[in-house]
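Input: a single structure, listed below in structure tokens.
The values are calculated or read from the model by the stated rules, or taken from the named source; none is laboratory data. Here the structure is a predicted model, which is why all the values come from computation and not from measurement. Glycine also receives a Cβ, built like all others from the backbone with ideal geometry; neighbour counts cover every protein chain displayed. Ligands, DNA and RNA are stripped out before the accessible areas are found, and what is left, the full protein with its side chains, is counted by its heavy atoms. Shrake-Rupley method; radii C 1.70, N 1.55, O 1.52, S 1.80 Å.
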Amino acid sequence: MEIEIITEPPRSAMVVTPHPDDAEGGVGATMAKWIAEGGTEVVVVMCTNGDKGTGDREMSPERLATIREREQRDASGYLGVKDVVFLRHPDGTLNDDLQFRSEVVREIRRHKPEIIFAIDPFRVASHTHRDHRMSGQVALDAAHSYAWSHLYFPEQITEEGLQPHRVKQAFLWGTEAADVFIDVEGYMEAKATSLSLHASQMRQRTPADRMERIKSGSARQGEAAGLAYAEGFRRVRFDLGTLDWKLLHS
């Protein structure tokens, strides 16, 4: 498999993430680097409210959702994220349906990212959370099949004043087949700190343990690209040429 090291930050990027803290764990160092070095405008689309993410039987889902939204704002603010959009679906309820797709399409049309990040919904050797699969699949479909065409969700254009937008590519984290890598040496601390700001989810490890785990995982990903520390992704290009368009609509 041919791999590539990405060195040029895009003008804009969108991170479609299922739960609070997933984005920081998967692409936190890349966000920190691109924002700091390239001025990339990053928007996080938070699909769920994280209301089931606890083992504390005294914690209500409503209270936890409020806590985790605040934590997400703090973590995103620390990294320099331009905006966080909260879709506020309850945990475990994401579906690959028209409503969810329309919500992601709306944010793509509003913010016009060059690249979207999402969790890879396709795995062979391992299984993953249903919300992870649904968010990844819907992000891909929203960018590939819907956001660029005025015929899908036309009310967003006629009533909300949005315009179609074509995303260039997706970078999928949590993948079993990474083929693009971003050198994130120097951004381990930023990733660790952004994760620590999700305090309700980070009680099982000390900050030192968290840093060691982050360094170990980033070093493991970096090996494939000859880098000390990296975040790796599976790239999906959205090259819809005339022939592809005709085939899709035939």
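The criterion of at least 2 residues that are surrounded by fewer than 17 Cβ atoms within 10 Å (Cβ to Cβ), over 15 Å from the mean Cα position of the chain (by Cα) and not small (Gly, Ala, Ser) is met, among helices (runs of 4 or more DSSP H) falling completely within segment 129-202, by 155-158.
One residue stands out in segment 84-119 among those that are among the small types (Gly, Ala, Ser) and not in a helix (DSSP H, G or I): the one that is nearest to the chain's Cα centre (by Cα), namely Ala118.
Please tell me if Gly28 is surrounded by 24 or more Cβ atoms within 10 Å (Cβ to Cβ) and at positive phi. No; evaluated as a whole, the condition is false for this residue. Could you check segment 31-51 and list, in sequence order, the residues that are open to solvent by less than 10 Å² (accessible area, probe 1.4 Å), on the phi < 0 side of the Ramachandran plot and outside any helix (DSSP H, G or I)? Within segment 31-51, Thr40, Val42, Val43, Val44, Val45, Met46, Cys47, Thr48 qualify.
Among the residues of segment 26-49, just one is out of contact with any strand residue (DSSP E or B) (no Cβ under 9 Å at 6 or more places or on another chain) and either within 18 Å of Arg213 (Cβ to Cβ) or of a type in the set (Val, Ile, Thr) (or both), namely Ala32.
Among residues of segment 62-91 that are on the phi < 0 side of the Ramachandran plot, those with a Cβ under 6 angstrom from a residue that is at pLDDT below 95 and part of a helix (DSSP H, G or I), sequence gap 6+ or separate chain, pair up as Ile67/Ser200.
Considering the conditions (1) under 18 Å from Met202 (Cα atoms); (2) assigned to a helix (DSSP H, G or I), Met59 is excluded by exactly one of them, (2).
Filtered by the rule that a residue be touching an Asp or Glu at 6+ places or on another chain (Cβ under 6 Å) and touching a residue at least 60 places away in the same chain (Cβ under 8 Å), segment 204-229 gives Leu227, Tyr229.
Scanning segment 84-130 for residues that are β-branched (Val, Ile, Thr) and within 21 Å of Gly25 (Cβ to Cβ) returns Val84, Val85, Val104, Ile115, Ile116, Ile119, Thr128. Of everything listed in (1) β-branched (Val, Ile, Thr); (2) under 18 Å from Val184 (Cβ atoms); (3) in a helix (DSSP H, G or I); (4) open to solvent by 10 Å² or more (accessible area, probe 1.4 Å), the single unmet condition for Thr66 is (2).
The condition of being more than 28 Å from Ala32 (Cα to Cα) and assigned to a loop (DSSP other than H, G, I, E, B) does not hold for Val81. Among the residues of segment 188-209, those identified as within 18 Å of Arg70 (Cα to Cα) and touching a Leu at 6+ places or on another chain (Cβ under 8 Å) are Ser194, Ser200, Met202.
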